[in-house]
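Asker: Structure provided below as structure tokens; questions to follow.
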Amino acid sequence: MSNERVPDHLQRLWQDQPARGRVMSIDELRYRSRRLTRIVSRRNLREYVAGAMVVVACGYLAWTAPLPLVRAGAVLSIAGVIFIVYYLHRHGAARTMPEEMALTTCLQFHRGELERQRDLLRGVWKWYLAPLLPGLILFYLGPILAHPERAPRGLWLLALSLAFFVLIGELNRYAAKRLQARIDALERDE
Amino acid sequence: MANQDELYAEAIAAYGAALERLARAYDTDADRVRDLLQDIHVALWQSLSRFEGRCSMRTWVYRVAHNVATSQVIRRRAGAPTLVGLEELDAAPAAIDTEGALDTHRALERLQALVRRLKPLDRQLMLLYLEGVDAASIGEVTGLSAGNVATKIHRIKAVLARRFHDTEAR
């Protein structure tokens, strides 16, 4: 057999694979379609519940904390959490509608998915870290200003928290960079 | 225009077996292959409510199937084996089979393993080629230019010829 004919033979080999002929009934398709919608709704609900729990906890703090700066920090944290939940709801949905999949070429679809993930990671300061930062700083500053004798410990903890934020930001930036490399590779193929 | 259910039945009658082969080319685990195939069927059925004949049924079916499969590849990327491009496969030395000519079963297993190693776009191209889809339609499904499709198919043939030269038609 000559090498030129090998691919043709492999095409036949591939297409002759035994198939089970799996067919889904329309009822099964409807059921699975509804289940998929329920899974997405439950995931969204979990995000809202987690956000609501933080809002309730910060709301309690805003109402009862003796220090005005801590109360202000709690209010800012509530605003930050609401913004994060809104942003995730608006931009974080992982599911593309099936008809969009049919109207989009594989290359466009793949690039679009990677770009969406890259933007989410690249913008982590904008939509996740920055909204939480003002509240966090006020939580620490309140006790530091009220009790200057405990300031070194408070400042130390504040610095540690800020370093943690920077670390999260850098890890996300690195992940976004890796996604960008995959996007660049796809663009080279076009 | 036929309704969604009729279109689905028509699509599965024509491409059901190809969808099974496609799902098997994305995973070795039987449960995950079954889940992927179900996801493809559901997405295809849902999508057909909007089918207006702007492209052929074949292009529609393959786009949905490959895009559903690719979204799973992207999600499972962490911890998954490193995927390679056709260029890397073409450059790498082909494994020599010491047991002589491959029988049909082993050749198919080796072919599936080769397809699963490929990056999504190259995997799509290889699968469409193996299904006998013509170059113009491959361009329509993948979004690659005609020139690029021709180059890639040439490379696919070279890779297959080098790696399966010991395969006999049986």
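Asker: Can you find, within the stretch A:151-182, the residue that is least open to solvent (accessible area, probe 1.4 Å) among those that are of a type in the set (Lys, Arg) and touching a residue at least 24 places away in the same chain (Cβ under 8 Å)?
Answerer: Initial filter on the stretch A:151-182 (of a type in the set (Lys, Arg)): A:153, A:173, A:177-178, A:182.
Of the ones still in play, those that are also touching a residue at least 24 places away in the same chain (Cβ under 8 Å) are A:173, A:182.
Numbers: A:173: 139, A:182: 62 Å².
Filtering the stretch A:151-182 for residues that are of a type in the set (Lys, Arg) and touching a residue at least 24 places away in the same chain (Cβ under 8 Å), the one least open to solvent (accessible area, probe 1.4 Å) comes out as A:182.
Asker: State which residue pairs qualify: first residue within 11 Å of residue B:48 (Cα to Cα) and within 11 Å of chain A (Cβ to nearest Cβ) and inside the stretch B:1-22, second residue surrounded by fewer than 17 Cβ atoms within 10 Å (Cβ to Cβ) and of a type in the set (Gly, Ala, Ser) in any location, beta carbons under 8 Å apart, and separation of 6 or more residues or different chains.
Answerer: Going by the 8 Å Cβ cut-off, the qualifying pairs are B:4/B:49.
Asker: Let me ask something additional. Would a scan of the stretch A:64-71 turn up a residue that is at pLDDT below 90 and among the aliphatic types (A, V, I, L, M)?
Answerer: So the first thing to find is which residues in the stretch A:64-71 are at pLDDT below 90, and the list is none.
No, the stretch A:64-71 contains no residue that is at pLDDT below 90 and among the aliphatic types (A, V, I, L, M).
Asker: Another question, if that's okay. Does residue A:30 satisfy the criteria of being surrounded by 13 or more Cβ atoms within 10 Å (Cβ to Cβ), modelled with pLDDT of 80 or more and of a type in the set (Lys, Arg)?
Answerer: Details: surrounded by 13 or more Cβ atoms within 10 Å (Cβ to Cβ): yes; modelled with pLDDT of 80 or more: yes; of a type in the set (Lys, Arg): yes.
Here the answer is yes, as residue A:30 does meet what is asked.
Asker: Only residues that are open to solvent by less than 40 Å² (accessible area, probe 1.4 Å) and farther than 22 Å from residue A:17 by Cα: list them for the stretch B:3-55, please.
Answerer: B:7, B:8, B:42, B:43, B:44, B:45, B:46, B:47, B:48, B:51, B:55 - these are the residues of the stretch B:3-55 that are open to solvent by less than 40 Å² (accessible area, probe 1.4 Å) and farther than 22 Å from residue A:17 by Cα.
Asker: I'd like to check something: does the stretch A:40-59 contain any residue that is closer than 23 Å to residue B:8 by Cβ, part of a helix (DSSP H, G or I) and among the basic types (Lys, Arg)?
Answerer: Here is the first cut: in the stretch A:40-59, the ones closer than 23 Å to residue B:8 by Cβ are A:40.
Keeping just the survivors that are part of a helix (DSSP H, G or I) gives A:40.
Cutting the leftovers down to among the basic types (Lys, Arg) gives us none.
No, the stretch A:40-59 has no match at all.
Asker: Sticking with this structure for a sec: If a residue must be in contact (Cβ under 8 Å) with a residue 60 or more places away in the chain and crowded, with 19+ Cβ neighbours inside 10 Å, how many such residues does the stretch B:143-163 contain?
Answerer: First, pick out the residues of the stretch B:143-163 that are in contact (Cβ under 8 Å) with a residue 60 or more places away in the chain: B:152, B:155-156, B:158-159, B:162-163.
Remaining after also requiring crowded, with 19+ Cβ neighbours inside 10 Å: B:152, B:156, B:159, B:163.
Of the residues in that region, 4 qualify.
Asker: So which helices (runs of 4 or more DSSP H) are wholly in the stretch B:1-92 and hold at least 2 residues that are more than 16 Å from residue A:106 (Cα to Cα)? Break it down into steps so the answer makes sense when it comes.
Answerer: Working: elements: B:4-24, B:30-47, B:57-75, B:86-91.
Helices (runs of 4 or more DSSP H) meeting the threshold: B:4-24, B:30-47, B:86-91.
Asker: A further question follows. Going by what's in this entry, would residue A:129 be described as under 22 Å from residue A:87 (Cβ atoms) and out of contact with any helix residue (DSSP H, G or I) (no Cβ under 6 Å at 6 or more places or on another chain)? Walk me through it before giving the result.
Answerer: Working: under 22 Å from residue A:87 (Cβ atoms): yes; out of contact with any helix residue (DSSP H, G or I) (no Cβ under 6 Å at 6 or more places or on another chain): no.
When the stated conditions are applied, residue A:129 does not pass them.
Asker: So which residues in the stretch A:39-80 are out of contact with any helix residue (DSSP H, G or I) (no Cβ under 9 Å at 6 or more places or on another chain) and not aliphatic (A, V, I, L, M)?
Answerer: Initial filter on the stretch A:39-80 (out of contact with any helix residue (DSSP H, G or I) (no Cβ under 9 Å at 6 or more places or on another chain)): A:39-43, A:45-46, A:49, A:53, A:56.
Hits for the stretch A:39-80 are A:41, A:42, A:43, A:46.
Asker: Which residues, taken from the stretch A:33-47, are of a type outside the set (D, E, K, R) and surrounded by 14 or more Cβ atoms within 10 Å (Cβ to Cβ)? Talk me through it step by step, then tell me what you get.
Answerer: At the first step, the residues of the stretch A:33-47 found to be of a type outside the set (D, E, K, R) are A:33, A:36-37, A:39-41, A:44-45.
Within the stretch A:33-47, A:33, A:36, A:44 meet the criteria.
Asker: State whether one or more residues within the stretch A:168-175 are over 16 Å from residue A:115 (Cα atoms), part of a helix (DSSP H, G or I) and out of contact with any Leu (no Cβ under 7 Å at 6 or more places or on another chain).
Answerer: Looking for residues that are over 16 Å from residue A:115 (Cα atoms), part of a helix (DSSP H, G or I) and out of contact with any Leu (no Cβ under 7 Å at 6 or more places or on another chain), one finds at least one in the stretch A:168-175, hence yes.
Asker: Follow-up question, since we're still on this one. Test residue A:21 against the criterion of being in contact with a helix residue (DSSP H, G or I) (Cβ under 7 Å, 6 or more places away or on another chain) and assigned to a helix (DSSP H, G or I), and give yes or no. Don't jump to the end; show me each part of the working.
Answerer: Values: in contact with a helix residue (DSSP H, G or I) (Cβ under 7 Å, 6 or more places away or on another chain): yes; assigned to a helix (DSSP H, G or I): no.
No, not satisfied.
The values are calculated or read from the model by the stated rules, or taken from the named source; none is laboratory data. No experiment lies behind these values; they were computed from the predicted model shown. Cβ sites come from the backbone with ideal geometry, for glycine too, and all protein chains shown count toward neighbours. With ligands, DNA and RNA removed, areas are computed over all heavy atoms of the protein, side chains included. Shrake-Rupley method; radii C 1.70, N 1.55, O 1.52, S 1.80 Å.
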